[in-house]
Amino acid sequence: MAFAAIVGFAAGLANDRTDWKAYAQQLVNTRNEALVSGDWETLAALTVEESAARAEDARLIEWMERNDVNVEAVYTQIVSVDVVSRRGPVLDVVSHQRGAYLAGDEGSHTGDRLCRRWYLNEGRLEDIRPCQDE
């Protein structure tokens, strides 16, 4: 259901009024929910089949399963989004992981603000790389 909302939202790619920050936040929220619930099917639906993004998620899932890591909650804030190219589109997304909580771990894992270049294809992530100026 959440994936349908993301694809539907992405249908406005040619529309200059697309709220890319809201789009990115919804995609990240859906991804975080999939990580918490262990819903690997939903996680896979967010990425292009046989893409670098899908392969990276597969490595993450393998690591989580091998190390018996269970995510209890993840909070990520999208700070800003810049459209680098409308073809795809390609977005520079600045995010801040405000907390990740793992089962059996008392700490909150926070991170610095990061800028990542998202390469999208029909509303799905194809690749994610550091922004060019990092």
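The values are calculated or read from the model by the stated rules, or taken from the named source; none is laboratory data. The structure displayed is predicted, hence computed values, not measured ones. FYI the Cβ positions are ideal-geometry reconstructions off the backbone, even for glycines, and counts take in every protein chain you see.
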**Prompt:** Under the condition of being within 21 Å of D82 (Cβ to Cβ) and among the β-branched types (V, I, T), which residue from the range 1-41 is modelled with the lowest pLDDT?
**Reply:** I6
**Complete:** Within the range 15-39, the residues that are in a helix (DSSP H, G or I) and farther than 23 Å from R129 by Cβ are E33, V36, S37
**Request:** Check G111 against each of (1) under 19 Å from D19 (Cα atoms); (2) in contact with a His (Cβ under 8 Å, 6 or more places away or on another chain); (3) surrounded by fewer than 16 Cβ atoms within 10 Å (Cβ to Cβ) and name the one condition it does not meet.
**Result:** (1)
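To keep it simple, each residue is scored yes or no on (1) surrounded by 14 or more Cβ atoms within 10 Å (Cβ to Cβ); (2) over 22 Å from W20 (Cβ atoms); (3) at pLDDT below 95.
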| position | (1), (2), (3) |
| --- | --- |
| L43 | yes, no, no |
| E49 | no, yes, no |
| A53 | yes, no, no |
| R59 | no, yes, no |
| R86 | no, no, yes |
| V90 | yes, no, no |
| Y101 | yes, yes, yes |
| W118 | yes, no, no |
| E134 | no, no, yes |
